[in-house]
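The values are calculated or read from the model by the stated rules, or taken from the named source; none is laboratory data. Keep in mind that this is a model prediction, so the values were computed, not measured.
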Amino acid sequence: METDPIVGSGELDKAQNGMEINLNGCIVCNGEIGDYECVKALTTEFELVIAVDGGANHLKTMGLFPNVVIGDMNSENRETECETRTLTS
């Protein structure tokens, strides 16, 4: 069974210090991607990109970096893990 690695998208409205912040975001998960170019085009439309576990590997393959990486990291390869830690440190 093939799963879609982009599981959802939508707007995040958040009131912070009296200001309203509107973010468009997507979540990239681990799974089969048949057309990286198509997924890359879709993903770059969003302001906030969240990678879940192996989703970080997919983003790296596409030359993209997530704003946030979440999960237990059991699907993220070691090279990607080091790169994402460097970006967030």
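Here is a yes/no grid of residues against (1) at pLDDT below 90; (2) not basic (K, R):
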position: E2; (1), (2): yes, yes
position: K14; (1), (2): yes, no
position: N22; (1), (2): yes, yes
position: L59; (1), (2): no, yes
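Kindly evaluate C38 against the criterion of being in a strand (DSSP E or B) and at pLDDT 90 or above. First the steps, then the outcome.
Numbers: in a strand (DSSP E or B): no; at pLDDT 90 or above: yes.
So C38 fails the test.
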